[in-house]
Amino acid sequence: TLSGRDIEHHLANVSIFFYNDLVNGTVLQTKLGSQLLITSSQDQQQPETRFVDGRAILQWDIFASNGIIHVISRPLKAPPAPVASVHTGVGTGIFFATALVFGAAALAAYSYFRLNRRTAGFQHFESEEDIDVAALGKQQPENIPNPLYESTPSAPPEPSCDHFMDAEDQPLDTTDPLGAL
């Protein structure tokens, strides 16, 4: 059986090419873009035979609605399809996608290990065996005074000067803040 590619290899780009126009050395372009070489053999005992890529033309100049048909001895095989080169953008995209996946995996691993190694937060408490819990209940609690919550208010300090006295009657402050006296 012939593939669609093989059938297209049988079709020439020119629609009208008569048998008498197929001379030795003629090259026809196919619909695939490949070339078909026309050759001929002239023998003294036999009439001239023309070939298409080594296949003898058995019948020629059969009219069709889309061109002229020439019947050959056996089917042609299409050349292998050219390997389509991948666009450079695809390679760049694959590289960055791979880098993104590795980066996300590294970030996930870092976050996992960072969160599992925390010393603060809720963790299982294991008590040390050498601590005597009963001795902790026998100790006297220490009282630490808090001046904000004491029940007896303390007296405010005496002012160093009286604003209602004359300046001459007030005692002089003998302490020098700079320490020169």
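If you check R74, R55, R50 for being modelled with pLDDT of 90 or more and in contact with a Pro (Cβ under 9 Å, 6 or more places away or on another chain), only one passes: R55.
Can we say Q170 is modelled with pLDDT under 85, surrounded by 10 or more Cβ atoms within 10 Å (Cβ to Cβ) and over 30 Å from F17 (Cα atoms)? The answer is yes for Q170.
The set of residues in the stretch 52-67 that are closer than 23 Å to T1 by Cα, under 55 Å from the mean Cα position of the chain (by Cα) and surrounded by 13 or more Cβ atoms within 10 Å (Cβ to Cβ) comprises V52, D53, R55. Please verify whether the stretch 78-96 includes one or more residues that are modelled with pLDDT of 90 or more, surrounded by 12 or more Cβ atoms within 10 Å (Cβ to Cβ), part of a loop (DSSP other than H, G, I, E, B) and not aliphatic (A, V, I, L, M). No. Of G67, G33, G25, G54, all but one fail to be in contact with a Ser or Thr (Cβ under 7 Å, 6 or more places away or on another chain) and on the phi > 0 side of the Ramachandran plot; the exception is G67. Looking across the stretch 22-33, the residues that are under 20 Å from A56 (Cβ atoms) and either surrounded by 12 or more Cβ atoms within 10 Å (Cβ to Cβ) or at pLDDT 90 or above (or both) come down to L22, N24, G25, T26, V27, L28, T30.
Can you say whether L115 is over 30 Å from S3 (Cα atoms), without any contact (Cβ under 8 Å) to a residue 40 or more places away in the chain and loosely packed, with under 10 Cβ neighbours inside 10 Å, as far as the supplied structure shows? Can you show your working first?
Values: over 30 Å from S3 (Cα atoms): yes; without any contact (Cβ under 8 Å) to a residue 40 or more places away in the chain: yes; loosely packed, with under 10 Cβ neighbours inside 10 Å: yes.
So L115 fits the description; yes.
The values are calculated or read from the model by the stated rules, or taken from the named source; none is laboratory data. Note that the coordinates shown come from a computational prediction; the quantities given were computed from them, not determined experimentally. As a convention, Cβ positions derive from the backbone with ideal geometry for all residues, glycine included, and neighbour counts pool all protein chains shown.
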